[in-house]
Amino acid sequence: MGTAIAKAQENGNLHLEQEVQTLLANENFRIDNPDSHPITLRHLITHQSGIDDSQAYLCSYYIDHGDGTHTKLVNLRDAGFCPESSPITLNGFLAAYLDNGGEFYNLEQNFTGQTPGQEYLYSNIGASLAGYAMKVATGFSLADYAQREIFTPPGHE
């Protein structure tokens, strides 16, 4: 992810000091962190955003049955832990987790309460948000952008 984001910055698609909420201005959710300080891409990729991985994170893993239905993996172990109808897209999950109107929003569990940039805490949700912000900024998923800009030799587009 770091190399792809560095390449996107080099290409002028985004900047590490950009506020993530500004990048997400046209998306369907807000990041309702308890601190009034904005979260930047730098905070996300250095795991200093103040976003924490709560137990709701387990609801992001699922089995796609290929017929429009899915099963939440954690429900195979703990039936009913996650509503089967909860969002499975990255955008939907991030909205449910980070927006105060979301199904998985919990101020005390989803955020550390620390000012962004103040404390290191590894966060899968933060890394996912960085990848999603990159997709919004470039128009390509993280995987597609990396393939196109990093792994494809020049002249082989």
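The values are calculated or read from the model by the stated rules, or taken from the named source; none is laboratory data. These numbers come from a predicted model, not from an experiment. No Cβ is skipped: glycine too gets one built from the backbone with ideal geometry, and neighbour counts run over all protein chains shown.
Across the range 115-156, the qualifying residues are those that are surrounded by fewer than 19 Cβ atoms within 10 Å (Cβ to Cβ) and of a type in the set (A, V, I, L, M), and the one among them that is nearest to SER60 (Cα to Cα) is ALA127. Scoring SER123 on the criteria (1) at pLDDT below 90; (2) touching a strand residue (DSSP E or B) at 6+ places or on another chain (Cβ under 9 Å) leaves a single failure, condition (1). Considering only the range 7-27, I want to know if a residue exists there that is in a loop (DSSP other than H, G, I, E, B), within 14 Å of the chain's Cα centre (by Cα) and of a type in the set (A, V, I, L, M). Taking every residue of the range 7-27 in turn, at least one turns out to be in a loop (DSSP other than H, G, I, E, B), within 14 Å of the chain's Cα centre (by Cα) and of a type in the set (A, V, I, L, M). A search for C-beta distances below 6 Å between a residue of the range 58-86 that is free of Cβ contacts under 8 Å to residues at least 24 places away in the same chain and any residue that is loosely packed, with under 12 Cβ neighbours inside 10 Å and acidic (Asp, Glu), counting only pairs 6+ apart in sequence or on different chains, returns HIS70/ASP64. Just one of the listed residues (TYR57, TYR62) is aromatic (Phe, Trp, Tyr), at pLDDT below 85 and either farther than 24 Å from THR112 by Cα or touching a strand residue (DSSP E or B) at 6+ places or on another chain (Cβ under 6 Å) (or both), namely TYR62. Only one of the numbered conditions (1) more than 21 Å from GLU17 (Cβ to Cβ); (2) touching a Leu at 6+ places or on another chain (Cβ under 9 Å) is not met by ALA130, and that is (1). Candidates GLY50, GLY80: the one that is at pLDDT below 90 and small (Gly, Ala, Ser) is GLY80. Scanning the range 91-114 for residues that are surrounded by fewer than 16 Cβ atoms within 10 Å (Cβ to Cβ) and of a type outside the set (Gly, Ala, Ser), we see that the one that is modelled with the lowest pLDDT is ASN91.
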